[in-house]
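This report concerns only the one structure given below.
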Amino acid sequence: MIRIHLVDDHDVIRAGLKQILELDKEIQVVGEASRALDAIYAIEKSPPDVVFMDIRMPGMNGIEATRIISEKFPMVKVVLLTNFNEEEYVIEGLKAGAAGFLLKNIGKEELHKIVHSVHDGKSVLDPSVTVTIIKEALKPAKGNRAEQVPQVEDKLTTREFEILDLISRGLSNKDIGAKLHLSEYTVKFHVKAIFRKLGARSRSEAVYKAVNSSLISQKPGA
């Protein structure tokens, strides 16, 4: 059973998400909160598997809450929800450690698939959000970009480059292991090393930083 916690200051939205999510017999909504701080307190007592977090709420916003949850409970996956596809929210949310970023108009079947994907360790992004990330990553970096890239390239091993590329394609650790003939434990070890070397706290942020540094290439829709 995949345990979900919903965080949104609109009761109607939480009720609608809960109704849709629980149509899947493998999903259970175990908690709800209208404020980010209340959600953090609840997660401390009983961590869920996945948190669906609204970005814009009174008091602490969803991005700051995501940062706290990612640091204190790294096994809890946070998916950010919003009606707004604004660049600063996307980038800051991923930097905070979000496992995904979705617009609230997502369909029922797609929502179920996303829950299972996130639970399996994959990163999920709404297609329009992916375009935003790629556009941001392709912007000229401040300073001498040529001086920045080798610093990262010297740290990553050939195997880590392979795994990073597969992460960017949305593969889970299990799928990566099968493709590269490695155990899931070995893949997890390499993923942790990649996160550390790139200074990333999530798969999405690792991909963003890798694209931004030209370590891997990614095209919208690829």
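We did not get these values from a lab; they are worked out from the coordinates using the rules stated. Since we're looking at a predicted model, the values are computed, not measured. Glycine gets a Cβ as well: all are built from the backbone with ideal geometry, and neighbour counts include every protein chain shown.
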Q) Dipole magnitude of the range 2-135 about its Cα centre, charges +1 at Lys/Arg Cβ and -1 at Asp/Glu Cβ only, in debye to the nearest 20? A) 200 debye
Q: Compute the FRET efficiency between T157 and K18 as 1/(1 + (r/R0)^6), taking r as their Cβ-Cβ distance and R0 = 30 Å, and round to the nearest 0.05.
A: 0.10
Q) Which pairs, out of K155/K188; K104/K188; K18/K113; K104/K179; K77/K113, put more than 24 Å between their alpha-carbon atoms? A) K104/K188; K104/K179
